[in-house]
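Working notes, beginning with the structure itself.
The values are calculated or read from the model by the stated rules, or taken from the named source; none is laboratory data. Here the structure is a predicted model, which means the values were calculated and not measured. Every residue, glycine as well, gets a Cβ built from its backbone with ideal geometry; the counts of neighbours run over all protein chains shown. Side chains included, ligands, DNA and RNA excluded: accessible areas come from the protein's heavy atoms. Shrake-Rupley method; radii C 1.70, N 1.55, O 1.52, S 1.80 Å.
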Amino acid sequence: MSAPSTSLACLEIRSIARGYQILNLLSENSQLEILEASAVDAQRFLILVEGEQARLAKAVDEVTRRAQHQVLDFEFLPVPPPALKQAIYSLQQVELKEALLVVETDTASRILSCAQLLLNEHNLTLVEIKVGRGLRGQGLGFFTGKNTDALNGKAAVEALLKGMNRGGAAEVISEPTAKFKSYFNLSGD
């Protein structure tokens with residue numbers, strides 16, 4: 001029998017005080033791992049948590065039920081793409097290819113939705129995901145691949161965000177220059 005899959009959830013709470021209360025509720029379950037919990041804006045608290053799919057789904061359901069009016073946004077990824085967690089923490093080094101797709105969303109949860117879509121359906125490679133402090137609760141993602149895949153991914157992200165009634169922007173940088181690419185080379189090579 002294979003091990004249960006690890007799922008990922010992002011919860012954005014409209015109140016910092018309520019966010020800490022929800023963090024405590026999630027912390028009561030020793031099977032869940034809190035990856036990040038912090039105030040990201042004057043009235044927004046972000047929680048990234050992972051755990052076995054059924055346990056995490058139940059916990060997210062409980063939180064959204066108990067604090068429904070305080071939950072600004074949330075995303076539950078039952079089977080997140082393997083590169084996603086590494087990209088959130090800038091752990092992977094990815095060489096920029098023919099094009100770079102930059103996606104900005106109005107919530108951290110939505111960038112996870114976009115990342116899953118782009119990785120699973122548009123043949124793009126994840127460079128980095130930024131959520132949390134310094135972005136005022138927004139999400140930012142960088143994806144690379146062929147120009148046609150990036151353009152198709154841009155259209156898909158715009159349709160996804162529009163369908164969810166969420167704000168955001170997506171831009172494709174075709175054939176980035178060597179100097180531009182060096183900005184993404186964290187190793188200094």
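Would you be able to tell me the number of residues in region 100-133 that are of a type outside the set (Val, Ile, Thr) and in contact with an Asp or Glu (Cβ under 8 Å, 6 or more places away or on another chain)? Give the derivation first.
Narrowing region 100-133 to residues of a type outside the set (Val, Ile, Thr): 100-101, 104, 106, 108-110, 112-124, 126, 128, 130, 132-133.
With the extra rule that they be in contact with an Asp or Glu (Cβ under 8 Å, 6 or more places away or on another chain), the set shrinks to 101, 108-110, 112-113, 122-124, 132.
Number of matching residues: 10.
The set of residues in region 142-167 that are open to solvent by less than 70 Å² (accessible area, probe 1.4 Å), at pLDDT 90 or above and either touching a Ser or Thr at 6+ places or on another chain (Cβ under 9 Å) or on the phi > 0 side of the Ramachandran plot (or both) comprises Phe143, Thr144, Gly145, Asn147, Ala150, Val157, Leu160, Leu161. Applying the selection to region 110-124, what residues are closer than 18 Å to Asn165 by Cβ and buried (at least 21 other Cβ atoms within 10 Å of the Cβ)? Within region 110-124, Arg110, Ile111, Leu112, Ser113, Cys114 qualify. When each of Gln86, Gln68, Gln31 is tested for being within 29 Å of Lys181 (Cβ to Cβ) and of a type in the set (S, T, N, Q), the lone residue that passes is Gln86. In this structure, is Gly137 outside any strand (DSSP E or B) and out of contact with any Pro (no Cβ under 9 Å at 6 or more places or on another chain)? Yes. In region 154-167, the condition of being part of a strand (DSSP E or B) and small (Gly, Ala, Ser) is met by no residue.
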